Amino acid sequence: MAVVGPAFAAVDHAHMARALRLAERGLYTTQPNPRVGCVIARGEEVVGEGWHERAGEAHAEVHALRDAGARARGATAYVTLEPCGLHGRTPPCADALIAAGVARVVVAAEDAFQREGGAVGRMRAAGIVVESGLMREAARELNRGFFSRIERGRPWVRVKLAMSLDGRTALANGASKWITGEAARADVQRWRARSSAILTGSGTVLADDPRLTVRMDSPHAVPLRAVLDRGLRTPRGAHVLDGGVPTLVFHAADAKPTHGGFDGVELATIGLRDGHLDLAQAQQELGRRGVNELQVEAGPTLCGALLQNGFVDELLLYAAPVVLGDTARPLLALPELAGVMQARRLRVIDRRQIGDDTRILYRG
């Protein structure tokens, strides 16, 4: 028999929708923590609200309780993620809700990371009615990277690609600046800002010398810069070695630095699989370091390998209204298929115009 969850009223939906909008305000600033919003209400009246702004600072529930003051007693708290029960850099939110005397807590998405803290059990033991599942999918979508890391042990992997109308990413000589327009390039900065790390390969470093940093005025956490460089062939003076942001370089065990340019970055040894750096191990290591969303900005070889091995959760594709010709470089390097039925099918999640370019978000 199917388990029927609680029946939520229209007012519950309205308050949780507001809590989700509040949570979105932390899109660029909370990592490695999840984005969380909280609304405290008495019936239709909102008496307090808040969101988690930065890791290490007060959580959403604490901000909302401060806003509500004494009016929190007997009220309902709407929280987009299961309140924490563990004492980390901040005290448990479950204890704060109990102390404030709220009568009911409505949770959008459960959090397996918090099970050991026993937050739900403590709140129920204190007489608080706890219900969950309201707008669960929307809450999980907002924190898809966090849930990926907690539940799968690896980040949510987003591959960013820019191509011409004929599916090319660069001329045969490697020239690719700029296929897309200024609006699309500014849009990429926002996707970088919401990421915990930005990954590329040594081939892209040698060809393009990218900075892989966020260039936008809005407050944001600084994503880790990660490079797959089996033989430590990144040259001295490359932007990824400038020490401007935290940088991690994955390499093989037999690789040794040939110059001092690596002194300002962290080196991490990982194993090989089929003669290449083990992509699964690299992702597990990034997950261990708290990386939620990983944005990959690399060439067709690395992007193709990630897709072929099932590590791509979504493709962020910018299509520019230009044609580069059949000698230009392809979008992805993938093995030849024996038949059309073997083709990988993707779903379009979002499609919109960004300046003169079209941005399409795909998932498998």
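No lab work stands behind these numbers, since they all come straight from the coordinates. Note that the structure is predicted; figures quoted are calculated from it, not measured. Cβ coordinates were reconstructed from backbone atoms using ideal geometry, including for glycine residues, and neighbour counts include every protein chain displayed.
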In the chain, once you exclude exposed GluC sites (Glu not before Pro) (DSSP loop, at most 11 other Cβ within 10 angstrom), what's the longest stretch remaining?
45-335
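Please label the shape of segment 183-335 as rounded, prolate or oblate, based on the square roots a ≥ b ≥ c of the eigenvalues of the alpha-carbon gyration tensor (a/c under 1.5 means rounded; beyond that, a/b larger than b/c means prolate, else oblate).
Taking the square roots of the gyration eigenvalues as a ≥ b ≥ c, segment 183-335 is rounded.
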Taking the alpha-carbon centroid of each part, what is the distance from segment 77-136 to segment 150-171 in angstrom?
36
Under Karplus coefficients 6.51, -1.76 and 1.60, residue-wise ³J(HN,Hα) of segment 221-231 in Hz, glycine/proline x:
6, 8, x, 5, 9, 10, 10, 8, 9, 3, x
Give the dimensionless ratio obtained when the Cα radius of gyration of segment 263-364 is divided by 2.2 N^0.38 Å.
1.28
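How large is the helix-only mean residue ellipticity at 222 nm for the chain, computed as the sum of -39500 (n - 2.57) over DSSP H runs with n ≥ 4, divided by its residue count, in deg cm²/dmol to the nearest 500? Mind dumping the intermediate values first?
Details: 10 runs with 93 residues, N = 364.
Calculated from helices alone, the mean residue ellipticity at 222 nm is -7500 deg cm²/dmol.
Scan the chain and report its longest stretch carrying no chymotrypsin sites (Phe, Trp or Tyr not before Pro) that are both in a DSSP loop and have at most 16 other Cβ atoms within 10 Å. It would help to have the intermediate numbers written out before the result.
Values: sites that count: PHE8, TRP178.
After excluding every exposed loop site, the longest remaining stretch is 179-364.
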Collect residues whose amide H, placed 1.01 Å from N in the peptide plane, falls under 5 Å from the amide H of GLY48; neighbours closer than 5 in sequence don't count.
ILE40
Checking the a/c ratio against 1.5 first, then a/b against b/c, what shape does the Cα gyration tensor give for segment 1-64?
oblate
What Rg and what Dmax come out for the chain when only alpha-carbon atoms are used, in angstroms?
23.0, 70
Sorting LEU331, ILE40, VAL120 by the position of each Cα along the dipole of the chain (Lys, Arg +1; Asp, Glu -1; all at Cβ), the one nearest the positive end of that ordering is VAL120
Sparse-neighbour loop sites [trypsin sites (Lys or Arg not before Pro); segment 107-185; at most 16 other C-beta within 10 Å; DSSP]
LYS177
Diffing segment 8-22: the Karplus 3J(HN,Hα) column from phi (6.51, -1.76, 1.60, θ = phi - 60°), in whole Hz with x for Gly and Pro, holds 9, 7, 4, 5, 5, 4, 5, 5, 5, 4, 5, 4, 5, 5, 5
Phi to ³J(HN,Hα) by Karplus 6.51 cos²θ - 1.76 cosθ + 1.60 over segment 103-108, Hz, x for Gly, Pro
8, 8, 10, 10, 10, 6
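I'd like the trypsin sites (Lys or Arg not before Pro) in segment 334-364 restricted to DSSP loop residues with at most 14 other Cβ atoms within 10 Å, sorted by number.
On the way: sites: ARG344, ARG345, ARG347, ARG351, ARG352, ARG359, ARG363; in loops: ARG344, ARG345.
When the trypsin sites (Lys or Arg not before Pro) of segment 334-364 are filtered for loop state and at most 14 Cβ neighbours within 10 Å, ARG344, ARG345 remain.
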For segment 289-303 and segment 224-257, what is the separation of their C-alpha centers, rounded to whole Å?
15
When the label point is put 7 Å from the Cα of MET216 along its Cα-to-beta-carbon vector, which residues of segment 281-297 have a backbone N closer than 17 Å?
292-297
